[in-house]
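Asks: Once you've had a glance at the structure underneath, I'll fire off some questions.
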Amino acid sequence: MALIKCKECGKEVSSLAKNCPNCGAPIMVMKKVKVHFWRKKKFGGSAITGSVFIDGQHIGIAHNGCEFDVYLPVGNHTISTETTMNQYGTGGKGDSRNIQIQENMHQVNIELIPKSTFLTGGWAYLAIKDVIVL
């Protein structure tokens with residue numbers, strides 16, 4: 001459930017409500033688009049695990065070989081990752097992308113990959129590789 005604004009009176013209303021409790025106007029159900037997250041099963045980087053967040057809310061753990069789906073309403077959203085653990089004992093670093101879900105989209109596929117910046121003195125972390133709109 002999310003809070004949305006009533007188009008008639010502007011008050012915040014539950015997205016599950018059929019009518020605005022303030023003015024009685026019908027609440028339009030917004031289209032939601034399937035967002036499919038996946039990570040190939042690979043030996044290299046297999047110990048890097050991370051959390052996936054959408055708009056600051058935790059939605060899943062991305063371990064080696066995982067797949068999961070969420071449904072997002074039309075609008076702008078921030079997808080981010082945070083490494084929770086890896087074989088080097090590092091964590092916390094992640095990646096972030098802004099995506100715009102539009103009415104004409106059917107599905108968005110997001111590939112997650114382990115990434116390393118050790119050659120430049122950095123971290124191993126979970127990154128967003130590709131965002132593909134179908």
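Asks: Taking the range 1-29, which residues are touching a residue at least 24 places away in the same chain (Cβ under 8 Å) and either in the same structural domain as Lys115 (by TED's automatic domain parsing) or part of a strand (DSSP E or B) (or both)?
Replies: Matches in the range 1-29: Ile4 only.
Asks: Could you say whether any residue in the range 62-71 is surrounded by 15 or more Cβ atoms within 10 Å (Cβ to Cβ), within 15 Å of Gly94 (Cβ to Cβ) and β-branched (Val, Ile, Thr)?
Replies: So far as the range 62-71 goes, no, none of its residues is surrounded by 15 or more Cβ atoms within 10 Å (Cβ to Cβ), within 15 Å of Gly94 (Cβ to Cβ) and β-branched (Val, Ile, Thr).
Asks: Just need a number here: residues in the range 26-37 that are more than 29 Å from Gly10 (Cβ to Cβ) and surrounded by 17 or more Cβ atoms within 10 Å (Cβ to Cβ).
Replies: 1
Asks: Would a scan of the range 11-27 turn up a residue that is in contact with a Ser or Thr (Cβ under 9 Å, 6 or more places away or on another chain) and modelled with pLDDT under 90? I'd like the intermediate steps shown before the answer.
Replies: Initially, the range 11-27 is screened for residues in contact with a Ser or Thr (Cβ under 9 Å, 6 or more places away or on another chain), giving 21, 27.
Next, only the ones that are modelled with pLDDT under 90 stay: 27.
Checked the range 11-27: at least one residue is in contact with a Ser or Thr (Cβ under 9 Å, 6 or more places away or on another chain) and modelled with pLDDT under 90.
Asks: Turning to a different aspect of this structure: Select from the range 93-116 the residues that are farther than 13 Å from Gly50 by Cβ and in contact with a Ser or Thr (Cβ under 9 Å, 6 or more places away or on another chain) and list them in ascending order.
Replies: Arg97, Asn98, Ile99
Asks: If you don't mind, there's one more thing I want to ask. For the range 28-49, enumerate the residues that are under 24 Å from Ile99 (Cβ atoms) and at pLDDT below 90.
Replies: Met28, Val29, Met30, Lys31, Gly45, Ile48, Thr49
Asks: Also, I was wondering about something else. When both residues are 6+ apart or on different chains and their Cβ atoms are under 7 Å apart, which pairs have a first residue that lies in the range 105-121 and is more than 20 Å from Lys32 (Cα to Cα), and a second that is at pLDDT below 75?
Replies: Pro114/Gly45; Thr117/Trp123
Asks: Name the one entry in Phe37, Phe68, Phe43 that is free of Cβ contacts under 8 Å to residues at least 12 places away in the same chain and among the aromatic types (Phe, Trp, Tyr).
Replies: From the options Phe37, Phe68, Phe43, the qualifying one is Phe43.
Asks: Okay, moving on. Say we look at the range 30-86 and pick out the residues that are among the aliphatic types (A, V, I, L, M) and in a loop (DSSP other than H, G, I, E, B); which of these is nearest to Leu134 (Cα to Cα)?
Replies: Filtering the range 30-86 for residues that are among the aliphatic types (A, V, I, L, M) and in a loop (DSSP other than H, G, I, E, B), the one nearest to Leu134 (Cα to Cα) comes out as Val74.
The values are calculated or read from the model by the stated rules, or taken from the named source; none is laboratory data. Just so it is clear, the model here is predicted, and its values are computed rather than measured. Using ideal geometry, Cβ is built from the backbone for each residue, glycine included, and neighbour counts are taken over all protein chains shown.
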